[in-house]
Each structure stands twice: as structure tokens, then as C-alpha cells.
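Before any comments, here is the structure.
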Amino acid sequence: MKEKEHRILLYICSFSVPAALLLIVLALQGFITSGNKSMLIMDLSGQTLEFYNALKHGDMFFSWSKSLGTNYIGVFAYYVSSPFSLLTLFFSDEAMPLCILILTVLKVGFAGFSFTVYGTRRFGLKSVLMIIFSSSYALMSYNLAYSLCLMWLDGVIWLPILLLGVERIISDKRWGIFCLGLCAALISNYYISYMLILFSGIYFLARCFEERLRGNDFFKCMAIYVSGGFAAVGIGAFFLLPVFLSHFDGKLVDTAASYASLYNFKWTDFFGKFFRGGYDSITNSGKPFVYCGFLMIVMAVLFFLLSDISWRNKLSGGALLVLLALSMWLSPVDRIWHVFQYPNWYPYRYSFLFSFVLISLACQAAGYLKLPLMRFAPFVMALMVFLDLGVNAYNIYEGLDGQFGYQDPNVYRQFRQDKSDLLTNMKGFCRVGSTEDTDRTMNDALGFDYNGITHYSSSFSSSVNRWLKRYGFAQNYFWSSDYGSTPLTDAFLGIKYVISYVQPAPGYARIAESGGMGLYENNCFPLLHSLFQRALKNL
């Protein structure tokens, strides 16, 4: 087989093998075969799914459906700016559970593909061994446990490309790949890209140490690296600048809880995550998800034992592992990786970097191993690795299901049908209130494309939340609601309709019903709203 054809086949396998393995695991878990289990769980269901639905309505810069009508660019950039999100435009709202499953499998597959692109050029592995390593990267515990944060997996995909760009800077003094890779990562998800930038700088220094770059050579490479980074930010500035400014009315001014102590966990607990299926929790009580296969751990240990590998490589590789481990252990350093904020659940969001380094060391070790049966050993190893990764994936999803529960897609579809039927009875441009039990999520207004109050995301508007709370509406750090409203406040805010299972308050007339939910019209709205408008004009 020609080299080009061999390389293409390798790339195809590096995508299709982990994707197929994940599909098998999902089928065994009942996501595909049972019909009553979907990937909808936690924030993937309550936030991301409705933001995908909002993408069909054209929400990007501003949305009337978010918190009375506010800046939307922060939500768009954090959750759905990935190029993969375009796939959702080809699925109806009712078919979104299937779309979420396809997106998950695609991103896992492309993670394997991108690692192969990096690994073949960095380590020269072009056999079935490369598929083993790329599958371990694609199906590492981080990708499985945090698959409910689909937007973060883009960072996992772009990391190998970004570091391939660093390699090109050191070898050829060119920053094209680095610049384009970083720009793509920033636009896909700026939050995880911040972590990629930190790590790429550390990786750059480690590789310069390995390659013995000194004096003018080092400073020239450093200048190219910095220039490439600034160029990437400059290219994406049209998008990144409004996103950055939007956070001055959110997370940058409102602080969350802080770390309880100097240490995030006991070292013995951390070592427990090096065993297959080590799911504990995705809450802040959980430990880092770093498992990427038993063989990867064994090969990484061999990396430090092989005499053919230089002490410089061992020192830099070991330093990267120690630095990332200490970052997860020590809360002040962990805070830096999380953009100087305490993560609201999903701790150690950069732990995939540790797994990447571990697999990279295993790749280097494989390049030096001379086994008598090397022609046949990779196929035996592949079967063992795929079984190991499959069992680990099954256990991770089982742990998530046991703690939070994956939702029935039929319930989701029926709810959408009932509420959509109800909303067709509204007339005119106005806002709609809803009681908590008639909302599937606090982002229903975005998903159904009506003008609402309720909202929950990491890109909230603190000024709107504070204002609503001042006038008696129930609010909290991340979310806003219309709980606590009255006919008077509804008229003032332009809320003409309220969705509720029961009579909201005197003064509301029921005009439609669907699925047990009623659409109620505020009888006082025309008079009170006109009086408020006149009063505002006279101010």
C-alpha cells in the first residue's frame, strides 16, 4: 500500500474506531436500543440543549428570550459557537436528543483523529499502535464524564493541532498552524482555549529544553510563538472582544463560592482515579478524571525506565505530569487554570491535559520498544485496550446515570409538543411568564422562542438579576425566574401571558390548555400596561 493511502486509512481508523466503540457502549447502556434513554442529563439538558434550539431561531448577539431581553453573545460563545453546532440546524427540536448523541460520537471520533495527526508527525508512529493511542485519547475518562459539557470537547480536539503548531515553530520557525489552530479553538470555546494557551506555553518551554534551544534560537522561537498567539487573538477579536465585554455584567463582577482549603483532595484519592471506571462525581466533591487506559499508564512508566530515552525528555515529561498533578491538588494553582474563579461543579476542567501528557509519554516509549513479536503484538494490545476503554466508558456512563439519571426522550418530545401547541394561542409582541412546574428547564423561553424572564447559564446578566430581585422576583447567582410576580409587576414588565397548571392569581383568564398546562391572559394588562407606558414617557 502506498504511503499516502496508508496515512489516509490510518486517519479514517483513528476516527471510526473510538466512535464505533462509543456507539457500542451507548447501545449496551440503552441509549440506542431501548428508545427510552437519551443523552439528556444535567446541564446538557437544562442549558446546552435549549441553546442549540435557540441557534435555529438566529440568537447570537441579543435575545428577547433571555432575562427580559439581554446580551446573548456570551451564551452563544460559551455554549454553541463550535462549528459542530451547525449540525443541529438540520434536526428538528423534537429530534435533538438524537442530534446530541451524534454530536457526542462525532467529537469523540475527531479527538482520536486530531491526536493521530499530532502523533504521526511528532512520534512517527504509523501502524495500528497509533490507533491504540488515539483511541485512548478519544475515550479517556474526561471525555466521557464531561460529555454532558459538549462544548468543552472542542478543546480536546484542538489541543493536538495547537501543539503540532508549537512543534512547527520549533522545527521550521513558522507559526501558521499554531495561529490557525488557536484561532479555531478560541472561536469554538474561548473558556477551554484559555487552558490550552496556558498549557501550550508550558509545552513550548518543555520542548525547547528537550531540543536544547539556547540564546538567539530560543528567543527567535519565543518571538514567533508570541506573535502567532497575538495574531490568533487579533483574527478572532471581532468575536472575542464583545464576549469579553459581556462578562463585565456577569461572572467578572459576581463571585461564586471559594475554595475550602489549600488542598483539593488527598493524594491517595487521586491515585484511585488511575483505575478503570473510577467515577465518583462531577460535583465539586469529585476527583480529577485522568484515566486513559491501563496500557497507557504502563507505557508511561516504561518511558522513564528505557535507557534509550534521554534524561532531558524524561525530565521535561516528568515535570509536565508533576506540574499538572500539583495544579489539581493545590487550590491556588487550580484557581489559575479556572480563569481565577472557583468552578461551579465539573472540577478540574483541564484534567484532559494530564491524560494527554501521559499518552504522549506512552507514544514515545512505544517508539523505542523492540519486541520480537512486534508485528503481531499491536493487534493483541489493541483488543485489550479497546476492551479496557469500553468497560471504563460503560462504568462512567453508569455512574452518571446512577447519580443524576439520563432522561427519557419521549417525555421531552411530548412536553415540547404540548407547550408548542399552547404558545400558538398568543397574540402580539409581549412577554410570557411561567411557573416553575411548567418549565422543563429555566431556558424554555430560548428553546421555544418566546419573550421570557427565566434563564440559567454561566453567562448570566447580574444587573438584570439584581433588578428583578429588588422587585420581588426569586433570583440566585446563575438564574433568574418570574416566581413572585403579580398582575401589577406583570403589566409593568410587559408580561401579557402566564403559563401555569393552576390559576396563577385573580385577574388572569384561562384562554387555552394543552397537556394539563394552561395559558392565562392578564385581564389587567391593557389598562395597566398603557398607564405604565404613559408614566414612563412623562418621566
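The values are calculated or read from the model by the stated rules, or taken from the named source; none is laboratory data. This one's a predicted model, so the numbers in the text were calculated from it and none came from an experiment. Note that we place each Cβ from the backbone using ideal geometry, even for glycine, and neighbour counts take in every protein chain shown. When the accessible area is computed, the model is the full protein with side chains, heavy atoms only, and any ligands, DNA or RNA have been set aside. Shrake-Rupley method; radii C 1.70, N 1.55, O 1.52, S 1.80 Å.
If residue 398 meets every condition in (1) acidic (Asp, Glu); (2) modelled with pLDDT of 95 or more; (3) within 30 Å of residue 53 (Cβ to Cβ); (4) crowded, with 16+ Cβ neighbours inside 10 Å apart from one, which number is that one? Checking residue 398 against (1) acidic (Asp, Glu); (2) modelled with pLDDT of 95 or more; (3) within 30 Å of residue 53 (Cβ to Cβ); (4) crowded, with 16+ Cβ neighbours inside 10 Å, the one that fails is (4).
Can you work out which of the residues in region 27-45 that are in a helix (DSSP H, G or I) and touching a helix residue (DSSP H, G or I) at 6+ places or on another chain (Cβ under 7 Å) is surrounded by the most Cβ atoms within 10 Å (Cβ to Cβ)?
The selected residue is 44.
Checked against (1) over 23 Å from the mean Cα position of the chain (by Cα); (2) without any contact (Cβ under 8 Å) to a residue 24 or more places away in the chain, residue 285 meets all criteria but (1). Scoring residue 317 on the criteria (1) in contact with a helix residue (DSSP H, G or I) (Cβ under 9 Å, 6 or more places away or on another chain); (2) surrounded by fewer than 19 Cβ atoms within 10 Å (Cβ to Cβ); (3) closer than 16 Å to residue 355 by Cβ leaves a single failure, condition (2). In region 482-497, the residue that is farthest from residue 47 (Cα to Cα) out of those that are open to solvent by 10 Å² or more (accessible area, probe 1.4 Å) and in contact with a Ser or Thr (Cβ under 9 Å, 6 or more places away or on another chain) is 493. The residue pairs whose first member lies in region 81-104 and is closer than 24 Å to residue 184 by Cα and open to solvent by 50 Å² or more (accessible area, probe 1.4 Å), whose second member is basic (Lys, Arg) and in a helix (DSSP H, G or I), and whose beta carbons are closer than 7 Å, counting only pairs six or more residues apart or on different chains, are 89/56. State the number of residues belonging to region 46-61 that are outside any loop (DSSP other than H, G, I, E, B) and in contact with a helix residue (DSSP H, G or I) (Cβ under 8 Å, 6 or more places away or on another chain). Qualifying residue count, region 46-61: 10.
Among the conditions (1) touching a residue at least 24 places away in the same chain (Cβ under 8 Å); (2) closer than 30 Å to residue 310 by Cα, residue 205 misses just one, which is (1). Number of residues in region 407-436 that are part of a helix (DSSP H, G or I) and among the charged types (D, E, K, R): the value is 6. Scan region 192-224 for residues that are open to solvent by 30 Å² or more (accessible area, probe 1.4 Å) and among the hydroxyl-bearing types (Ser, Thr, Tyr) and the total you get is 1. The number of residues in region 498-509 that are in contact with an Asp or Glu (Cβ under 8 Å, 6 or more places away or on another chain), surrounded by fewer than 19 Cβ atoms within 10 Å (Cβ to Cβ) and either at pLDDT below 80 or not in a loop (DSSP other than H, G, I, E, B) (or both) comes to 1. Here 346, 279 are screened, and the one residue that is farther than 23 Å from residue 196 by Cα and either under 23 Å from the mean Cα position of the chain (by Cα) or among the acidic types (Asp, Glu) (or both) is 279.
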